[in-house]
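Asks: Dropping a structure here in structure tokens format, bear with me for questions.
The values are calculated or read from the model by the stated rules, or taken from the named source; none is laboratory data. Please read these numbers as outputs of a predicted model, since none were measured by experiment. Counting neighbours? That spans all protein chains shown, and the Cβs are built from the backbone with ideal geometry, glycine included.
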Amino acid sequence: MATKTLGGLMAPAVSTFDSATGAIAREPFQRNLRAHLGMGLDGILVAGSSGEASLLDCAERRQLTEWAREVVPAHQWLLTGTGSESTRLTISRCKDAAAAGADAALVIAPHYFLKRMTEAALLAHFRAVADASPIPVLLYNMPAYAHLVLSPDLVHTMAQHENVIGMKDSAGNLPVLAQYLEAQSDAFTVLTGNGSSAAAAIHQGARGAILAIALYAGLPVRVMMDAALGGRDVEAAQLQMPLVPLATEIAAAFGPAGIKAAMELVGLDGGAPRAPLLACDAAERAKVEAALHAAGLLPVS
């Protein structure tokens, strides 16, 4: 089991690709991680949604985890996304993540055969993964991409598993989050993954966040999270307000392409997403730039 305290602020790192070959690129990836950690983040998630996980093969996930571990100190969290459509493959990826140095695995639900992803099927899947994973497991609730919502009952059941240490909830549905939080204990931690409602989620009891907006607005997000985690609710709510458009108009609107465009505009390494995703076009990039300007993250021209 993990000995570190799960919580604080983490970032779901983008996967950087060589513009000529399309292969994953080490130097820009590690430069980004050093910049994120330099802004006070408490950990890194590799191969999450913002990292284009569904477009990475198993060897690439393992390699990115190894590269991240070279940069992320042992006292800080390194999570790796290991979910797949197959229970067998998910377990294999958990073993790869462990061998590469990850502290825990973040597991999104299978969803291709959506009508057959019943409560019983999902419970059997998560139990099998948790039983076999050599590192602790976090559940990942991401309805925008998985097209299903992990039920509070499923979360409560899996929270009792000795190898399940928490969950990331990116839905932003605060009433449902409140039900997830009823499962929280010394051994099970709820993290929010929604940049628009992070302060409110912390106010409700979530112990931390994994936020895409921290990739291109690390300093103001860190300040907001410090206020929220410190119980300064009014201040946190005020600091949250200018961050909402950064979530809705960049990450939510354009996905990894928007995140990478925003990172480039603030001086980090983005690059193009992997096909079939397309980079932001001129109009989309202008919207990203406008959102960053409005938040005071770019110099006034």
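Asks: Which residues, taken from region 208-219, are touching a helix residue (DSSP H, G or I) at 6+ places or on another chain (Cβ under 8 Å) and farther than 17 Å from residue 12 by Cβ?
Replies: Taking region 208-219 as the starting set, the residues that turn out to be touching a helix residue (DSSP H, G or I) at 6+ places or on another chain (Cβ under 8 Å) are 208-209, 211-218.
None - no residue of region 208-219 is touching a helix residue (DSSP H, G or I) at 6+ places or on another chain (Cβ under 8 Å) and farther than 17 Å from residue 12 by Cβ, so the list stays empty.
Asks: I'd like to verify a number: residues in region 197-217 that are outside any helix (DSSP H, G or I) and either modelled with pLDDT under 95 or in contact with a strand residue (DSSP E or B) (Cβ under 6 Å, 6 or more places away or on another chain) (or both), how many?
Replies: The initial filter retains those residues of region 197-217 that are outside any helix (DSSP H, G or I), namely 197, 205-211, 216-217.
Restricting the remaining residues to those that are either modelled with pLDDT under 95 or in contact with a strand residue (DSSP E or B) (Cβ under 6 Å, 6 or more places away or on another chain) (or both) gives 206-210.
Of the residues in that region, 5 qualify.
Asks: If residue 11 meets every condition in (1) farther than 17 Å from residue 138 by Cβ; (2) assigned to a strand (DSSP E or B); (3) not aromatic (Phe, Trp, Tyr) apart from one, which number is that one?
Replies: Of the numbered conditions (1) farther than 17 Å from residue 138 by Cβ; (2) assigned to a strand (DSSP E or B); (3) not aromatic (Phe, Trp, Tyr), the odd one out for residue 11 is (1).
Asks: Of all the residues that make up region 257-286, how many are farther than 16 Å from residue 242 by Cβ and either of a type in the set (Asp, Glu) or in a helix (DSSP H, G or I) (or both)?
Replies: Going residue by residue through region 257-286, those that are farther than 16 Å from residue 242 by Cβ are 257-261, 263-265, 267-286.
Still in the list and also either of a type in the set (Asp, Glu) or in a helix (DSSP H, G or I) (or both): 257-261, 263-265, 269, 281-286.
Selection size over region 257-286: 15.
Asks: A further question on this structure: State all residues of region 59-104 that are among the small types (Gly, Ala, Ser) and touching a residue at least 40 places away in the same chain (Cβ under 8 Å); if no residue qualifies, say none.
Replies: Step one: of region 59-104, the residues among the small types (Gly, Ala, Ser) are 59, 68, 74, 81, 83-84, 86, 92, 97-102, 104.
Scanning region 59-104 gives 68, 81, 83, 102, 104.
Asks: Among the numbered criteria (1) of a type in the set (S, T, N, Q); (2) assigned to a helix (DSSP H, G or I); (3) over 26 Å from residue 131 (Cβ atoms), which single criterion is violated by residue 21?
Replies: Unmet condition: (2).
Asks: What number of residues within region 55-94 are in contact with a Cys (Cβ under 8 Å, 6 or more places away or on another chain) and either among the small types (Gly, Ala, Ser) or under 14 Å from residue 44 (Cβ atoms) (or both)?
Replies: 1
Asks: Taking residue 186, is it surrounded by fewer than 21 Cβ atoms within 10 Å (Cβ to Cβ), modelled with pLDDT of 95 or more, of a type in the set (Asp, Glu) and in a loop (DSSP other than H, G, I, E, B)?
Replies: Numbers: surrounded by fewer than 21 Cβ atoms within 10 Å (Cβ to Cβ): yes; modelled with pLDDT of 95 or more: yes; of a type in the set (Asp, Glu): yes; in a loop (DSSP other than H, G, I, E, B): yes.
Answer is yes for this residue.
Asks: Another question, if that's okay. With closer than 30 Å to residue 70 by Cα, basic (Lys, Arg) and part of a helix (DSSP H, G or I) as the only criterion, which of 93, 127 stands out?
Replies: Working: 127 fails: closer than 30 Å to residue 70 by Cα.
Criteria check complete, one pass: 93.
Yes or no, residue by residue, for (1) buried (at least 22 other Cβ atoms within 10 Å of the Cβ); (2) basic (Lys, Arg); (3) farther than 18 Å from residue 256 by Cα:
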{"residue": "19", "(1), (2), (3)": "no, no, no"}
{"residue": "23", "(1), (2), (3)": "no, no, no"}
{"residue": "30", "(1), (2), (3)": "no, no, no"}
{"residue": "34", "(1), (2), (3)": "no, yes, yes"}
{"residue": "43", "(1), (2), (3)": "yes, no, yes"}
{"residue": "47", "(1), (2), (3)": "yes, no, no"}
{"residue": "71", "(1), (2), (3)": "no, no, yes"}
{"residue": "89", "(1), (2), (3)": "no, no, yes"}
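Asks: If you don't mind, there's one more thing I want to ask. Could you grab the pairs with beta carbons closer than 8 Å, sequence gap of 6+ or different chains, first residue in region 105-120 and at negative phi, second one acidic (Asp, Glu) and not in a loop (DSSP other than H, G, I, E, B)?
Replies: 119/153
Asks: Which condition does residue 211 not pass, out of (1) closer than 22 Å to residue 34 by Cα; (2) free of Cβ contacts under 8 Å to residues at least 12 places away in the same chain, if it passes all the others?
Replies: All conditions are met except number (2).
Asks: I'd like to verify a number: residues in region 223-261 that are free of Cβ contacts under 8 Å to residues at least 24 places away in the same chain, in contact with a helix residue (DSSP H, G or I) (Cβ under 8 Å, 6 or more places away or on another chain) and β-branched (Val, Ile, Thr), how many?
Replies: 1
Asks: Return only the number of the condition from (1) under 29 Å from residue 217 (Cα atoms); (2) free of Cβ contacts under 8 Å to residues at least 60 places away in the same chain that residue 25 does not satisfy.
Replies: Of the numbered conditions (1) under 29 Å from residue 217 (Cα atoms); (2) free of Cβ contacts under 8 Å to residues at least 60 places away in the same chain, the odd one out for residue 25 is (2).
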